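Below: the structure, in structure tokens.
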Amino acid sequence: MTSDKKNISLLADIFVKHGLTNIIISPGSRNAPIIISFANNPKINTFTIVDERSAAFFALGMALQTGKTTAIACTSGSAALNYASAISEAYYQKIPLLILTADRPQHLIDVGDGQTIRQNEVFKNYVKKSCSLPLEINSEAEKNKCEQLINEAINTCISPRPGPVHINIPFNEPLYNTEEENFAGKAETLIFKNTLPDENVQQIVTEANRCKKLMILVGQAKPDKELNETINNISKHENIVVLSETTSNIYGENIIDTIDNVVSTLDEEDLKSFKPDILISIKGQVVSKMIKKFFRNNKPSKHYHISPSGEKMDTFFCLTDAIGANETEFIKSLSEKSTPVESDFSSLWKQRKNNVDLSRDEYLNKLGYSDFKVFESIINRLPEKTSLHLGNSTPVRYSQLFGSKKGVVYNSNRGVSGIDGQVSTAAGYSFYSDKLNVLISGDLGFFYDSNSLMNNYLKPTLKIIVINNSGGGIFRFIPGPDTTPNMEESFVAKHNWKAEYICKAFDIGYLKATNQNEVEQALDEFFIVKSKTQVLEIFTPSDKSALILREYFKVISKNI
């Protein structure tokens, strides 16, 4: 059974023929033809989530985990606007989402009809492509045109690099009529071939072979075994330093994966030795503000950014060129064609990292109960082969201080870096994951996305840790808010809220801890998979935690 609206029946048919299977729908009336056409197709998995914002982030997490385009569908009007946060995150994190918004016919726009806004290209600033399907299909030519629009939209979700695409679909009433047979169409797949630009590679190889200080910076990335091996091979060169973050999902003994720890210790005398002459950046955004400041104030002579789409991501305001190439193939070619260059650049960075790691561990051994100590306990007890989801603000930053734990997959919404949707994203990711999925969230991030628990698809393997320090702890640490009289009320948003009754409302398991002993005891129990999703709320001292983190960077700098 399908809707009698030919535009959506055709879309559902082509969707399946492209091998796509998942759609997250939010209830509505104008999107009834979408619901009927997709939910009654046995080859499509249809999920219903009421809150459109949560639904979109859930889909984002599912697409991230499966690596396949996930669709979202909503009714007309303000419902579509609730998708905006997740769409922008998918755009900058390069995650394939297919956005289907039901709409009124054009003659009902701006005439006072209900649930009506100007929806065409409403997401144009943060989608790869927007299109609107025809209201009616009455000829073979109109069908061919509609097929072309649909195929282009679905293909654009993944080529040349993944991202969100918006299809706006107007419907006339009646909305609930059905037909038995699908309105069938053809799926046309475009294969995008990204060839390695030999001239660009050779130019950089020539420069690298004369360079004593070359650095590769890896931003946010999904786990990639081949890339990891390639990065580790090139990291053995004496003149090459590889910087990564936990969210880079790169592991290796020569990798500098605690950027803030190292960079925070560099003084004016260190700059000449530690600054690269050539910087090569790959993958997505970096978390570290310190490395951004370092490069913006101490610009390398040349900076090349490598990505399949050739985007000019000039994070440090010194971009020499953007190279359109597969990152793994580029680094592999660079490694194979480079000749050994005698240099102490690699050993200098590694020695500083080792010294700082020792200083960090000494500091933590003497440290009392605080956010930093709690994070250490979580990381140390985290089971192998866990997917760790890091909330923005302090959780993702604390993780960088410990470096990467082998076997752990690190995820975070660092495309736009907002706190909205972090629980929903972890829930969507965990649905098809066979691993333990642990989210570490701040209190405001959890409360902000508490509608994520209004969801029938939460898995027992999803574990949510809420570090409740009575507000936005990041604002007690970063410079600026503490110099205003508005810090506690308007920046930190100080509160006495607790997660316990939210968990009861949605039948979620709940544990709490208020001191270090309780934290360690609770974690031992918490990581055991029970019959349903669980929340562990850890109450930490707010003012003390900020002072401890500031003191930490002073201590490790003094000890170097």
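Structure data summary
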{"read-out": "Sequence-distant residues sharing a close amide H with Asn45 (under 5 Å, placed H)", "value": "Asn22, Ile23"}
{"read-out": "Modelled FRET efficiency - R0 56 Å, Lys299 with Thr178, Cβ distances, 0.05 increments", "value": "0.35"}
{"read-out": "Estimated dipole of the chain in Debye, rounded to 20 [Cβ of Lys and Arg +1, of Asp and Glu -1, Cα centre]", "value": "760"}
{"read-out": "For the stretch 100-156 versus the stretch 175-231, the gap between their alpha-carbon centres in whole angstrom", "value": "29"}
{"read-out": "Packing-based order for 360-369, 284-293, using average beta carbon neighbours within 10 Å, highest first", "value": "284-293, 360-369"}
{"read-out": "Mean separation of Cα contacts under 8 Å (6+ apart) over length of the chain, as relative contact order %", "value": "14"}
{"read-out": "Glu362 versus Asn209: modelled label distance in nm, points set 7 Å from Cα along the beta carbon direction", "value": "4.5"}
{"read-out": "Highest average packing first - 319-325, 72-78, Cβ atoms within 10 Å", "value": "72-78, 319-325"}
{"read-out": "Ratio Rg/Rh [Cα only; Rh per Kirkwood] for the chain", "value": "1.00"}
{"read-out": "Residue-averaged [θ]222 nm for the chain, counting only DSSP H segments that reach four residues, each worth -39500 (n - 2.57)", "value": "-11500 deg cm²/dmol"}
{"read-out": "Long-range tail of P(r) for the stretch 367-558 (Cα pairs > 27 Å, %)", "value": "23"}
{"read-out": "Taking His18, His303, His495 and counting other C-beta atoms within 10 Å, the order from fewest to most", "value": "His495, His18, His303"}
{"read-out": "Assigned charges on the beta-carbon of Lys, Arg, Asp, Glu; the stretch 198-348 dipole about Cα centre (debye)", "value": "360"}
{"read-out": "Cα gyration tensor shape for the stretch 223-272, rounded if a/c is under 1.5, else prolate or oblate", "value": "oblate"}
{"read-out": "Cβ-derived FRET efficiency at R0 56 Å, Val111 paired with Lys225, nearest 0.05", "value": "0.50"}
{"read-out": "The stretch 2-179: proportion of alpha-carbon pairs further apart than 21 angstrom, %", "value": "42"}
{"read-out": "Ranked packing of 117-130, 393-406, 22-35, 168-181, most packed first, by mean Cβ within 10 Å", "value": "22-35, 393-406, 117-130, 168-181"}
{"read-out": "For Lys129, distant residues with modelled amide H under 5 Å away", "value": "His166"}
{"read-out": "Three-way shape call for the stretch 198-348 based on the alpha-carbon gyration tensor, with the a/c threshold at 1.5", "value": "rounded"}
{"read-out": "Across Lys6/Lys94; Lys68/Lys129; Lys128/Lys463; Lys289/Lys463, pairs whose alpha-carbon gap is larger than 27 Å", "value": "Lys6/Lys94; Lys128/Lys463; Lys289/Lys463"}
{"read-out": "Stretchable slack from Glu152 to Met454, in nm (0.36 nm times residue separation minus alpha-carbon distance)", "value": "105.3 nm"}
{"read-out": "Cα gyration tensor shape for the stretch 232-319, rounded if a/c is under 1.5, else prolate or oblate", "value": "rounded"}
{"read-out": "Unit charges at the beta carbon, dipole of the stretch 2-179: most positive-side option, Thr178, Ser76, Ile99", "value": "Ile99"}
{"read-out": "Principal-axis tilt of helix 6-17 within the chain, Cα atoms, nearest 10 degrees", "value": "50"}
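Here, each number is a calculation from the coordinates, and none is a lab measurement. From a predicted model like this one, the values you see are computed outputs, not experimental measurements. Positions of Cβ are generated from backbone atoms using ideal geometry, with glycine treated the same way; all protein chains shown enter the neighbour counts.
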